[in-house]
Amino acid sequence: ASTISLTQNDIINSELIEKTRLQTIELEERDKENNQALNQLKELHEKTANSEATVRSKLEAMNNTLMMVEYTSNGVLLDANYKFLNAMHFTIEEIRGKNVLDLLNDEEREELSKIIESVKTGNFFEGLVHRHTKLGNEKWFLATYTPVYDEEGLVESILFFAVDITRIKTKEDQLTRKADELTKLVSELRNQMIK
């Protein structure tokens, strides 16, 4: 009886040892799979971090190059970068939450109203725009107005990107005036020679 009992205990112990060995193998396989998954997550995290750094760098370059403003689709100013604020002599506190149309004179307001209405319907605008700063100084911008869509495909805001070309426009106007003066002078000289 004792031999049978020992044999049964040996069989039970062998089964337990085999079960433990199989569980250990299974745990090692799971551990290996978890380590592989963890390594993949680390790689993905590194790639994401690198992508974020690249995107952040590009956004910073754009921020340093372009004037940027974001409006709601109704023209309420949400945000503006320092290049726009410096060019227009505003602080963000002065203009955030205000309708951009209220910051313009009548002619500029009419032009921007048309642009906003067009962009609200999903159109893109690019062109030369004329504005006056808070101090009344004249500015010329090569500007784009771009729609930003929400998850449902509706225009939720408008992005304004611009480059200040006031100096170029001023020089162009000066050259045009000088060309007109020269044309007039040549015409007067011709008239005098004919007489």
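The values are calculated or read from the model by the stated rules, or taken from the named source; none is laboratory data. Predicted, not measured: the structure shown is a model, and the values here were computed from it. Heads up, the Cβs are rebuilt from the backbone with ideal geometry, glycines too, and the neighbour counts pull from every protein chain shown. Protein only, heavy atoms only, side chains kept; ligands, DNA and RNA dropped before computing areas. Shrake-Rupley method; radii C 1.70, N 1.55, O 1.52, S 1.80 Å.
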Please tell me the relative contact order of the stretch 111-155 in percent, rounded to the nearest whole number, where contacts are Cα pairs under 8 Å and at least six residues apart. 36
Calculated [θ] (222 nm, deg cm²/dmol) that DSSP helices of n ≥ 4 give over the chain, each run adding -39,500 (n - 2.57): -21500 deg cm²/dmol
Which of the lysines could be linked to Lys42 by a straight reach, that is with a Cα gap under 21 Å, when you skip same-chain ones fewer than 8 residues away? Lys32
Which of rounded, prolate or oblate describes the stretch 84-195 when judged by the alpha-carbon gyration tensor and an a/c cut-off of 1.5? prolate
Qualifying GluC sites (Glu not before Pro) for the stretch 128-195 [loop in DSSP, other Cβ within 10 Å: at most 13]: Glu151, Glu152
Please report how far the C-alpha centroid of the stretch 172-195 lies from that of the stretch 47-90, rounded to the nearest whole angstrom. 46
With a 1.4 Å probe and every protein chain kept in, tell me what percent of the accessible surface of the stretch 25-181 is carbon plus sulfur. 52
In this model, which of Lys58/Lys98; Lys83/Lys139; Lys83/Lys114; Lys98/Lys169; Lys58/Lys134; Lys58/Lys114 are farther than 19 Å apart at the alpha-carbon? Lys58/Lys98; Lys83/Lys114; Lys98/Lys169; Lys58/Lys134; Lys58/Lys114
If you average the sequence gap of Cα pairs under 8 Å that are 6 or more apart and divide by the length of the chain, what percent do you get for the contact order? 15
Probe 1.4 Å, accessible area per residue of the chain, Å²: 73
Reported label for calculated mean projected area of the Cα convex hull in nm² given [x] 14.9; [y] 11.1; [z] 22.3: [z]
